[in-house]
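What follows is a set of notes on a single structure, which appears directly below.
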Amino acid sequence: MTQSSTADTPQFHTLDEARQWADAHYVGHTLRTGEPMRDHAEGIHEILSRLDVTDELHIAAYLFGYFLIHPDDAANRAALTADWGAEQAARVQNLHKIMEMGAKAWHNAKEHKENKAQKERSGDISKSERMQAEQNLTEQIERSRKMLLAMAHDIRVVILRLASRLQTLRYYAASKTPCPKLVAEESLLLYAPLANRLGIWQIKWELEDLGFRFAEPETYRQIAQWLDEKRTEREGFVAKSIERLQAELKALHIKANISGRPKHIYSIYNKMKGKSLQFTDLYDIRAFRIIVDDLKDCYSVLGVMHHLWQPIPKEFDDYIARPKPNGYQSLHTVVVGDDGRPMEVQIRTQQMHQFAEYGVAAHWRYKEGGFNKGGKTEQSDYDAQIAWVRQLISWQSDLTHNLSAQAKARASKQLGEATSVKLKDPSIYVLTPDAKVIELPQGATPIDFAYYVHTNVGHRCRGAKVNEHIVPLNTPLQTGQTVQITVAKQGGPSRDWLRDEYTASSRTKSKIRAWFNAQDTQTNISTGRALFEKELQRLSKTASKHDEVAHALGFEKTDDLYIAFAREVLTGRDLDVHFNGANDTNKNMTQKALVQKAVIDEQHFVRTSVQKEAASKSGVLVVGLDDLMTQLAQCCKPAPPDDISGFVTRGKGISIHRVNCDNFIHMKTQHPERELACTWSSAAGMRYEVDLVITAQESVDMMRQITEALAREKVFIAGLRKQKNAQTQSDASCEYVFNLEVESTTQLEKVRASLTQISGVAQVARL
């Protein structure tokens with residue numbers, strides 16, 4: 001294998017090359033389980049061989065541990081890309097991230113479960129708290145599943161992860177090594193449902209059985225004892241029964257696809273637990289599925305089954321005539337086999353089967369109990385996407401069978417393009433520092449994250465780290481990132497956070513508005529009370545009870561009266577009317593009218609407040625925090641509408657530079673994490689210092705003409721120095737450096753145009 005390949009050059013490698021690579025790189029390396037990495041790679045390959053996946057996925061199986069050996073950095077990603085191509089490198093890196101994120105998310109969910117169990121043992125948890133804890137755990141697991149799917153740039157990477165986990169459980173079983181209960185429960189609750197949703201039954205049932213074996217060893221052993229025959233023996237019985245049925249159907253010229261397998265132990269446990277049944281009450285320990293072409297053949301096959309084997313009364317369900325709420329259709333019956341034991345049979349057409357397996361009805365959701373009373377799903381879009389993915393996976397076998405090597409390569413490329421499309425999810429899934437998965441809307445920022453964690457965390461949010469790097473508060477978050485919030489001991493949100501670029505969640509915006517409303521109310525109450533008491537003193541009515549006056553003027557609360565005074569809805573004249581009986585229109589004003597008049601439109605209030613705040617600052621908005629200490633850099637002296645950026649200094653607040661400033665470019669190269677996005681505020685009346693260099697003939701009249709031109713443009717001269725022209729060193733030529741105060745660079749350009757019209761001025765330039 002050569003190193004001359006580039007990321008843009010397609011890589012065509014064989015499985016033998018991948019095995020050789022694994023042999024060379026995995027020597028002496030083991031996983032945390034103790035399993036040799038080389039054996040794990042071979043195990044993944046063997047599991048995938050049962051799924052008819054493309055060769056690219058088999059190769060990825062041998063490369064799975066690359067980033068477990070090498071750090072996930074730019075150099076190692078480049079090296080893997082050079083050897084195996086950009087697609088394979090991305091696939092292996094994606095697998096590594098999913099493995100890490102899945103483990104973090106599950107550990108957090110498990111911790112919550114253990115905390116709940118401890119409280120139950122100590123009696124410190126109520127029934128409602130117990131139910132809430134269970135719901136939180138369920139939601140956390142569901143978010144973890146969605147996050148793994150959302151992170152997969154190529155959905156086939158999820159298949160790799162499922163195969164890897166199954167191989168881990170197989171290793172524990174084969175080596176007799178004790179399997180951590182955490183790993184077993186994660187397999188049962190996180191990975192097996194994913195396999196179910198994707199329709200990968202071969203992996204799903206084995207994940208469940210092995211996970212259940214290690215999570216509940218005593219219960220597993222008990223059910224295994226009830227099944228007084230070995231699995232191989234049961235499978236042999238099923239095979240003989242299928243052979244007999246096929247012969248009968250062939251004689252009747254009925255085409256049918258018959259499949260069957262014994263019900264696995266975890267499925268038996270779930271059915272006994274869910275329906276409160278004894279083992280002897282189960283009829284579907286062994287089950288058949290018969291798929292035919294036409295509807296009439298369904299009932300013909302049913303007749304054959306009841307002719308060959310005795311049906312059990314009351315165990316027949318016609319879901320074709322009466323479909324289930326989720327749209328599922330099939331004939332279900334239970335018959336007594338040749339050995340005297342029951343067998344469950346499902347009979348359906350190919351169309352019914354496609355709907356059950358891949359339809360929007362999402363058979364997996366029915367199995368998991370996710371339908372509401374009306375039979376409709378709450379996540380139909382998500383269900384449809386899952387169904388689409390399942391179809392993509394099922395097409396792999398069609399693409400890989402009976403094709404030439406060249407045709408396989410083309411088919412694999414087409415499949416890769418199709419499976420590289422992400423699930424359409426309106427949400428993103430990010431992690432807290434302790435790996436709790438949080439679901440946020442697309443476009444969410446650290447501010448949205450902070451308010452989701454806790455309202456007070458949002459109010460006091462002052463900074464954020466994403467994957468250990470400081471970022472501006474308006475940075476859009478992405479699935480899989482870990483977010484950490486820095487809070488202040490006191491303070492509140494900025495009104496700028498109400499803008500769309502800072503918050504994507506309406507829930508966040510409502511909390512911010514509520515905070516400002518509360519603050520404004522308290523300020524108005526304090527101000528209004530002072531004004532009210534002043535007027536009472538003027539009218540010599542200080543003995544009057546405030547609540548009585550408020551009720552007399554139509555207010556339910558005294559605070560409403562104070563607010564009306566603060567907002568000048570009521571004045572001293574209104575009090576004069578009240579006490580002295582003067583004729584005034586407010587005298588008969590109803591309570592409702594007063595209240596309506598006292599309320600200010602919130603959006604107008606917010607907009608006005610933002611303008612007032614911005615006008616009181618330097619004119620620069622930094623990450624939504626207009627109370628940060630900012631200063632305009634003296635090296636480049638920016639002014640609107642210059643493109644600007646901020647740099648966090650040590651002890652001097654945020655230094656604002658032009659983006660093309662040499663000093664700024666050097667500083668952000670050395671410390672990129674200290675750069676902050678910023679923009680000019682829309683406040684009027686702000687003035688900014690700029691240095692203007694005028695190269696001109698030295699004369700008394702020249703200075704007069706320059707100052708007159710500046711005066712016409714209404715520009716204030718803050719400073720002036722004169723220096724010799726460094727280029728010409730001529731006594732006749734001189735550089736005048738004017739320190740000016742301008743409103744914007746637009747005004748500065750007008751000044752420059754005016755100055756260049758003066759005779760004797762050679763050049764006008766900004767420092």
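Just so it is clear, none of the values below were taken in a lab; they were calculated from the coordinates. Worth saying up front: this structure is predicted, and the values here are computed from it rather than measured. Positions of Cβ are generated from backbone atoms using ideal geometry, with glycine treated the same way; all protein chains shown enter the neighbour counts.
Just a few scattered comments:
- If R0 is 30 Å, the Cβ-Cβ spacing of Tyr319 and Thr177 corresponds to a FRET efficiency of close to 0.10.
- Contact order for region 688-766, expressed relative to its length and based on alpha carbon pairs under 8 Å spaced 6+ residues apart, stands at 48 percent.
- Separation in nanometres of the label points that stand 7 Å from Cα toward Cβ, at Arg704 and Ile69: 8.5 nm
- Under 5 Å from the amide H of Arg286 lie the amide H atoms of Lys263, Glu344, each residue being 5 or more positions distant or on a separate chain, with H modelled from the backbone and absent for Pro and chain starts.
- Restricting region 475-527 to trypsin sites (Lys or Arg not before Pro) in coil, as DSSP defines it, with at most 12 other Cβ within 10 Å: Lys489
- Cα coordinate range in region 688-766, projected on the principal axes (Å, largest first): 34, 20, 17
- Cross-link table Lys97/Lys436; Lys465/Lys668; Lys181/Lys273; Lys509/Lys557; Lys176/Lys273, entries beyond 22 Å C-alpha to C-alpha: Lys509/Lys557; Lys176/Lys273
- Net lengthening on full extension, Ile717/Gln763 (0.36 nm per residue, minus Cα-Cα): 14.7 nm
- Loop-resident sites, region 512-556, for GluC sites (Glu not before Pro), counting at most 12 other Cβ within 10 Å (DSSP): Glu556
- Under-5 Å amide H pairs with Val487, H placed in peptide plane, nonlocal only: Arg462
- Chain lengthening between Thr756 and His29 when straightened (0.36 nm per residue, less Cα-Cα): 254.3 nm
- Theoretical gain in end-to-end length, Glu243 to Glu100 [0.36 nm per residue, Cα-Cα removed]: 46.8 nm
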